[in-house]
Amino acid sequence: MKIVVMCGIGLGTSAILKVNAERALQRLDIDASVQATDVAGVRAAAADAQVILTSSELVNAIGKTNADVIVINNYFDVDELVVKLDIALGS
Amino acid sequence: MPLPHLPLDAITIGAHADDWPAAITAAGDALVRSGAATSAYTERMIEVIREFGAYIVIAPGLALAHARPGADVLTDGLCVVTLAEPVTFGHPHNDPVSVIVGLAVTGADDHLHFVAELANVFNDPTVISALAGATTAEFVRSVFERTDS
């Protein structure tokens, strides 16, 4: 399973989201890779991804995708990530 | 790996900013003062927000000011600016901003360690309000050194 985290420039904010998404996945006991990307690279990065995590500000920049787009409000809140990832990926 | 050194001259307490570009400029000034970047980096941090919006407001009250690595980044650096009056960036959930963390990195790959440490600091939900209420740079530095040991 693949999850893409996207920010404007592909480092900094997306790296924080990657770290905390990995912590949330570990809590959920879900095995998935998490890749950070930027707006320019999201289409390629998300071609085989189940989920894209990003900010509400950037949703429109994603364009067409088959992945579920999940908006994260607080990038440091692992609980928020657990709840939203569980809804998207949980069985 | 610990966070980049947070020298006291990279910390500004109670900056006055009329708008978000002024707030980001205060963070850029702190990076310049501490020797991490030149003023050209400040302009690039502002440009990121002009291009992509206020997504850098990544938690309630907190903005992570940063741009890509470049010649205007002299060394990996971190700065912290607290604002005397919170500033609106235009984020639907996390406005207004009272704390800005500025990040300058020389390379995209090796910044992941710093970021994991930053996450460790801020995963404590009390940290942003503690920083916002800080009255001394020494206190701010102590918050960031908590996970170094």
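Overview of results
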{"item": "Matching residues in the stretch B:129-149 - criterion: being within 14 Å of chain A (Cβ to nearest Cβ), of a type in the set (A, V, I, L, M, F, W, C) and out of contact with any helix residue (DSSP H, G or I) (no Cβ under 7 Å at 6 or more places or on another chain)", "result": "none"}
{"item": "Qualifying residues in the stretch B:46-73 (those that are part of a helix (DSSP H, G or I), within 8 Å of another protein chain (Cβ to nearest Cβ) and not aromatic (Phe, Trp, Tyr)) - the one surrounded by the fewest Cβ atoms within 10 Å (Cβ to Cβ)", "result": "B:Glu51"}
{"item": "Lone unmet requirement of (1) surrounded by 18 or more Cβ atoms within 10 Å (Cβ to Cβ); (2) at pLDDT below 95; (3) of a type in the set (Ser, Thr, Tyr) for B:Ser142", "result": "(1)"}
{"item": "Matching residues, the stretch B:80-121, being of a type in the set (Phe, Trp, Tyr) and modelled with pLDDT of 95 or more", "result": "B:Phe89"}
{"item": "Filter result (among the polar types (S, T, N, Q) and within 22 Å of B:Leu6 (Cβ to Cβ)) within the stretch B:74-91", "result": "B:Thr75, B:Thr82"}
{"item": "Residues that are out of contact with any Phe, Trp or Tyr (no Cβ under 8 Å at 6 or more places or on another chain) and surrounded by fewer than 23 Cβ atoms within 10 Å (Cβ to Cβ), drawn from the stretch B:83-93", "result": "B:Ala84, B:Glu85, B:Pro86, B:Pro92, B:His93"}
{"item": "Residue match in the stretch B:115-129 (condition: surrounded by fewer than 21 Cβ atoms within 10 Å (Cβ to Cβ), in a strand (DSSP E or B) and either in contact with a Leu (Cβ under 9 Å, 6 or more places away or on another chain) or free of Cβ contacts under 8 Å to residues at least 60 places away in the same chain (or both))", "result": "no"}
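The values are calculated or read from the model by the stated rules, or taken from the named source; none is laboratory data. Remember, predicted model here, so these are calculated numbers, not experimental data. FYI the Cβ positions are ideal-geometry reconstructions off the backbone, even for glycines, and counts take in every protein chain you see.
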